[in-house]
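Heads up, the thing below is written out as structure tokens.
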Amino acid sequence: MIHFVLLISRQGKVRLTKWYSPYSQKERSKVIRELSGIVINRGPKLCNFVEWKGLKVVYRRYAGLYFCMCIDEDDNELEGLDIIHHYVEILDRYFGSVCELDLIFNFHKAYYILDEIVIAGELQESSKRTVIRLMSAHDSLVEMAKEQASSISNMIAQVTK
Amino acid sequence: MNPFSSGTRLRDMIRAIRACKTAAEERAVVRKECAAIRAAINENDQDYRHRNLAKLMFIHMLGYPTHFGQMECLKLIASAGFPEKRIGYLGLMLLLDERQEVLMLVTNSLKQDLNHSNQYIVGLALCALGNICSAEMARDLAPEVERLLQFRDPNIRKKAALCSIRIVKKVPDLAENFINPAATLLREKHHGVLITGIQLCTDLCKVSPEALEYFRKKCTEGLVRTLKDVVNSPYAPEYDIAGITDPFLHIRLLKILRILGQGDADASDTMNDILAQVATKTESNKNAGNAILYECVETIMSIEDNGGLRVLAINILGRFLSNRDNNIRYVALNMLMKAITVDAQAVQRHRATILECVKDSDASIRKRALELVYLLVNESNVRPLTKDLIEYLEVSDQEFKGDLTAKICSIVEKFSPEKIWYIDQMLKVLTEAGNFVKDEVWHALIVVISNASDLHGYTVRALYRAFQTSAEQETLVRVAVWCIGEYGDMLVNNVGVLDIEDPIKTVTESNAVDVVEIAIKRHASDLTTKAMALIALVKLSSRFPSCSERIKDIIMHYKGSLVLELQQRSLEFNSIIEKHQNIRSTLVERMPVLDEATFSGRRAGSLPATVSTSNGASLNLPNGVAKHSAAPLVDLLDLSDDAPAPGSSGSDFLHDLLGVDLAPASTQPGISQAPKSGTDVLLDLLSIGTTNPVQSNSSALDILSPGQDNQKPIAALDVLSSPLASAQANSSVGASSMIDLLDGFAPSPLKHEDNGQVYPSIVAFESSNLRITFNFSKPPGNAQTTLIQATFKNLSSNAFTDFVFQAAVPKFLQLHLDPASRNTLPASDNGSVTQSLRVTNSQHGKKALVMRIRIAYKLNNKDMLEEGQINNFPQDL
């Protein structure tokens, strides 16, 4: 099971945190502090696994961003790497060659995508296309609602004028 | 629009925050935004609620408190539109966790959304439920989720499956409701549903044996067929990763097959073929393929034995191990740990490679490899492996040395073929990484050295040499100082030279003293080392007459030490050297051989036990009979049980202990290398009580218990000082000898005299079931009254209930009994009951105390009554 997913920039800034196990807010910030220290300082050639408090952290660096995923000790670490890559590929497709700024300004989108890939700490969907399709369905629902709202508010504005 | 609302868009706020150059600027921006959001919340502003929540989420990620936005999430979830709900649920998952009570308020909205006509809203609710639901919510909403497992859209079914996993983990009782719907999911074609369905079944198997049995019977074949289909499926671009169709599905199938096959020969048999196919056909040049192979190996190792498959699996691991990719090597080491229980021989074949991994630059790999090596060591390969590890110790990173040292020490201890090898290896470790060695390790080393009488000379010479090069290693210094103190004469006279030994340049007496002097004067030395050095010095003062003056000077240097312990010791040792020439040599005799069994027993107990041992000693030490309740281990001083001391079970052990002139000292190993020159000397010995921790029984404690940390030596030495000082006081000696000895410059023990004498405790009564110990004290300024602390100890294996202790005294005595601390007495050594008595002796000085006692209690609900008379009270009470 995945206990949490963290996205940390090279400078130690948090870009995304998703918790599937109960951690209090205090514990969360402690975990982030500890792990970012460990992960960022590891050399480039070293393996992508860190043993940490009886769990394992699988991480992978994409440009200036570290994608970290904490899994159980007996989970498949190599698969963990694949899940991270799966997520990154979907982000890439969704944003069209994703960069860190996309994830900063559209952080909520990054969360929505993650919610389509992982629920309850388990993988939900192995098809990238399905995830993209669901995301665009959601986005069009939002667009529709927005249009509706603006047309209604226009009408109200005209009436009350 | 709300006039307080800043009205900035989310994008603008992020920009403003990113433009901040300092943390203070950022805080200011965030503060302003938060104030605006709070104002909007108070206004119940609806138009910008979702924007405000999005901002809050960003602020939350930066690490600022955002609890005030929690209720906003609930409001958004309760609103009708999809966009509001979407952001509301996201906020709920981000800002809250399952332990917050606010979460309960959302149950109702969740229930409505799970039944919503818009399937995307159902999906949002399932996602939130799956990620943060608590046990109560799981119970409330389980029926909804169960129904959604059969929803028409597969995207809802897969979400419902994962949601069920969370529910089943929170409330395992609900598992049985999910078994049937989960089994249905296994027949799906949609990969998402299949993956989540398999995962649900896997988790059901973990919480419910019935589920395991059910799936094993009904689904094993189907799952094997599914795996076959996936393995042999043609190229499918939608699921393809590195040329493999849906490795995630592969892995989950292999995982559930492992659980089904474990402990079931039939099921294992069904899956043999497909496992062999996966193991042989999977491409291993990409991560995805390796992930599948890794999972497959684990399944092969876990299911019921099939020799051929296991060979295949071990070969895959061998290939992994020689892979250049660190990730692959890491998982190989990980898996070999599991394989070692299955086929140790096969793992041994990779020993050399594994040993190389211990020296890897990657900490994760090193750690795995070290643990694996530790498992690989046996009697036959311990020598080369230890040699390699110790060689590596010299060059390893500082942060790895701790782990490595601990493992080497434990290997050496566990498998050492002979003592000389053990000592050699330990010396090497101490020389290389003495600062990383734990206390119990060097304690054990000293015990071994003490027991290896033919190696004393060899060891002390080796330590002397090692000290010359590695004086910065604290534990090496300690062991060296101890050995030189004990066996310094062997160092100087080259006694017991072994054939294999390098000839050593002659060491003079003053060279040996140099070592101790360096150790005691080194700034880095801690109290334990300094105290040990001081003791070594007093020992050497008698062994090396030529250096006696110099040693005296060094010792006297510490009379002004700020550390009370050292100061006191220094004064006492000095008086031994100056005034007690006649007994000095006997006082500082070599320590008796330390008892290995006692020590290992002591080690078996945890550290707290050691602590309590020294505490306990402070109460019971003079007598040596009463064991401290909290100390499960035999105290080193507590020799009454095993020492062949005459009458040790009797009343006053102290008298036995002191009656050395009656029994040859040699027959009482460990008690005291006491002088044989008669009682006068003996009294003198006692009068300096505190000094003889140096040798004899107490030094065992001194050496072994204090090193635990810097605090304890003080405690231990204190422990030694007070009871022994008190021992002299009542052994019908009177205070004069002590005053004589310390004339005037050690006021602290004298205080005991002023406060009333301290008496040894006695065993007042002992039967097969019960032992009663009395501790005495006198209230100051009232010689007639004696306070007795009675300690009752249950020697049987059953607890006593309704325990009542009664006592009667003759007319010239007055007795006052306080209530006992409780009236049940737990079985053997698990605790004791105490009770205070106050006796006033009107004939004080003429008649001794005497008492009759009666003890009533229930043992196994049977009434028991024991009676006795106590005549062995110390004199002059």
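Hey, among B:Val377, B:Val382, which residue is in contact (Cβ under 8 Å) with a residue 24 or more places away in the chain, away from every other protein chain (no Cβ under 14 Å) and within 19 Å of B:Lys338 (Cβ to Cβ)?
Values: B:Val382 fails: within 19 Å of B:Lys338 (Cβ to Cβ).
That would be B:Val377, the only listed residue that is in contact (Cβ under 8 Å) with a residue 24 or more places away in the chain, away from every other protein chain (no Cβ under 14 Å) and within 19 Å of B:Lys338 (Cβ to Cβ).
Being among the aliphatic types (A, V, I, L, M), farther than 21 Å from B:Phe776 by Cα and open to solvent by less than 30 Å² (accessible area, probe 1.4 Å) is the filter here; which residues of region B:787-840 pass it?
B:Leu825, B:Ala827
Residue by residue through region B:563-583, note down the ones that are without any contact (Cβ under 8 Å) to a residue 60 or more places away in the chain and buried (at least 17 other Cβ atoms within 10 Å of the Cβ).
B:Leu566, B:Ser570, B:Asn574, B:Ile577
What about B:Lys21, is it farther than 14 Å from B:Ile87 by Cβ, in a loop (DSSP other than H, G, I, E, B) and modelled with pLDDT of 90 or more?
Values: farther than 14 Å from B:Ile87 by Cβ: yes; in a loop (DSSP other than H, G, I, E, B): yes; modelled with pLDDT of 90 or more: yes.
Yes, satisfied.
State yes or no: is A:Tyr23 part of a helix (DSSP H, G or I), within 13 Å of another protein chain (Cβ to nearest Cβ) and touching a residue at least 12 places away in the same chain (Cβ under 8 Å)?
Values: part of a helix (DSSP H, G or I): no; within 13 Å of another protein chain (Cβ to nearest Cβ): yes; touching a residue at least 12 places away in the same chain (Cβ under 8 Å): yes.
Answer is no for this residue.
With (1) more than 10 Å from chain B (Cβ to nearest Cβ); (2) of a type in the set (S, T, N, Q); (3) assigned to a strand (DSSP E or B) as the list, and A:Thr17 as the residue in question, which single condition is left unmet?
The number of the failed condition is (1).
Take the residues of region B:53-72 that are more than 44 Å from the chain's Cα centre (by Cα) and within 13 Å of another protein chain (Cβ to nearest Cβ): which is farthest from B:Ile17 (Cα to Cα)?
B:Leu53
Restricting attention to strands (runs of 3 or more DSSP E) lying wholly within region A:38-142, give those where 2 or more residues are surrounded by 17 or more Cβ atoms within 10 Å (Cβ to Cβ) and more than 8 Å from chain B (Cβ to nearest Cβ).
Numbers: elements: A:49-52, A:55-62, A:65-71.
Per the criteria, A:55-62, A:65-71.
Can you report the number of residues in region B:520-533 which are surrounded by fewer than 24 Cβ atoms within 10 Å (Cβ to Cβ) and among the hydrophobic types (A, V, I, L, M, F, W, C)?
3
Hey, can you tell me all the residues within region B:77-93 that are more than 9 Å from chain A (Cβ to nearest Cβ) and more than 15 Å from A:Leu141 (Cβ to Cβ)? Show your work before the answer.
Of all residues in region B:77-93, those more than 9 Å from chain A (Cβ to nearest Cβ) come to B:77-80, B:85, B:88, B:91-92.
Result: B:Ile77, B:Ala78, B:Gly91, B:Leu92.
Restricting to region B:279-331, give me the number of residues that are charged (D, E, K, R), within 9 Å of chain A (Cβ to nearest Cβ) and either touching a strand residue (DSSP E or B) at 6+ places or on another chain (Cβ under 8 Å) or more than 16 Å from B:Leu249 (Cβ to Cβ) (or both). Spell out how you get there, then give the answer.
The first filter runs over region B:279-331 and keeps only residues charged (D, E, K, R), leaving B:281, B:283, B:286, B:295, B:298, B:304-305, B:310, B:319, B:324-325, B:329.
Checking the rest, the ones that are also within 9 Å of chain A (Cβ to nearest Cβ) come to B:295, B:298, B:325, B:329.
Adding the requirement that they be either touching a strand residue (DSSP E or B) at 6+ places or on another chain (Cβ under 8 Å) or more than 16 Å from B:Leu249 (Cβ to Cβ) (or both) leaves B:298, B:325, B:329.
Residues flagged as charged (D, E, K, R), within 9 Å of chain A (Cβ to nearest Cβ) and either touching a strand residue (DSSP E or B) at 6+ places or on another chain (Cβ under 8 Å) or more than 16 Å from B:Leu249 (Cβ to Cβ) (or both) within region B:279-331 amount to 3.
Failed condition for B:Thr773, given (1) among the hydroxyl-bearing types (Ser, Thr, Tyr); (2) surrounded by fewer than 19 Cβ atoms within 10 Å (Cβ to Cβ); (3) out of contact with any Pro (no Cβ under 9 Å at 6 or more places or on another chain), with all others met?
Exception for B:Thr773: condition (2).
So, of the residues in region B:452-489 that are more than 15 Å from B:Ile423 (Cβ to Cβ) and among the hydroxyl-bearing types (Ser, Thr, Tyr), which turns out to be surrounded by the most Cβ atoms within 10 Å (Cβ to Cβ)?
B:Ser470
Is there any pair linking a residue in region B:529-556 that is assigned to a helix (DSSP H, G or I) to one that is at pLDDT below 85 and charged (D, E, K, R), with Cβ under 6 Å and at least six apart or on different chains, and which?
Correct list of pairs: B:Ser542/B:Arg584; B:Arg543/B:Asp489; B:Ser546/B:Glu509; B:Cys547/B:Glu509.
For the subset of region B:198-208 comprising residues that are more than 11 Å from chain A (Cβ to nearest Cβ) and part of a helix (DSSP H, G or I), which member is farthest from the chain's Cα centre (by Cα)?
Initial filter on region B:198-208 (more than 11 Å from chain A (Cβ to nearest Cβ)): B:201, B:204-205, B:207-208.
Then keep just the ones that are part of a helix (DSSP H, G or I); that gives B:201, B:204-205, B:207.
Working: B:Cys201: 37, B:Leu204: 34, B:Cys205: 33, B:Val207: 30 Å.
Selected residue: B:Cys201.
Return a yes/no flag: does region B:506-518 have any residue that is open to solvent by 10 Å² or more (accessible area, probe 1.4 Å), outside any helix (DSSP H, G or I) and not aromatic (Phe, Trp, Tyr). Even if it seems obvious, please write down each step before you answer.
Here is the first cut: in region B:506-518, the residues open to solvent by 10 Å² or more (accessible area, probe 1.4 Å) are B:506, B:508-511, B:514, B:517-518.
Retained after the next criterion (residues that are outside any helix (DSSP H, G or I)): B:506, B:508.
From what is left, the residues that are not aromatic (Phe, Trp, Tyr) are B:506, B:508.
Yes, the conditions are met somewhere in region B:506-518.
Working only within region B:105-132, note down all residues that are over 22 Å from A:Thr130 (Cα atoms) and facing chain A (nearest Cβ under 9 Å).
B:Ile132
Name, by its number, the condition in (1) in contact (Cβ under 8 Å) with a residue 40 or more places away in the chain; (2) among the polar types (S, T, N, Q); (3) within 27 Å of B:Ser134 (Cβ to Cβ) that does not hold for B:Thr220.
With (1) in contact (Cβ under 8 Å) with a residue 40 or more places away in the chain; (2) among the polar types (S, T, N, Q); (3) within 27 Å of B:Ser134 (Cβ to Cβ) applied to B:Thr220, the lone miss is (3).
Condition first: facing chain A (nearest Cβ under 10 Å) and of a type outside the set (Lys, Arg). Can you find one or more residues in region B:146-156 that meet it? Walk me through how you get there before you give the answer.
To start, the set of residues in region B:146-156 that are facing chain A (nearest Cβ under 10 Å) comprises B:154-155.
Filter again for of a type outside the set (Lys, Arg), leaving B:154-155.
Yes.
Check whether at least one residue in region B:25-44 is within 14 Å of chain A (Cβ to nearest Cβ) and free of Cβ contacts under 8 Å to residues at least 12 places away in the same chain, and report yes or no.
no
The values are calculated or read from the model by the stated rules, or taken from the named source; none is laboratory data. Given the structure is predicted, the values throughout are model-derived calculations rather than measurements. Here Cβ is always computed from backbone atoms with ideal geometry, including for glycine, and neighbour counts include all displayed protein chains. Heavy atoms of the whole protein, side chains included, go into the accessibility calculation; ligands, DNA and RNA do not. Shrake-Rupley method; radii C 1.70, N 1.55, O 1.52, S 1.80 Å.
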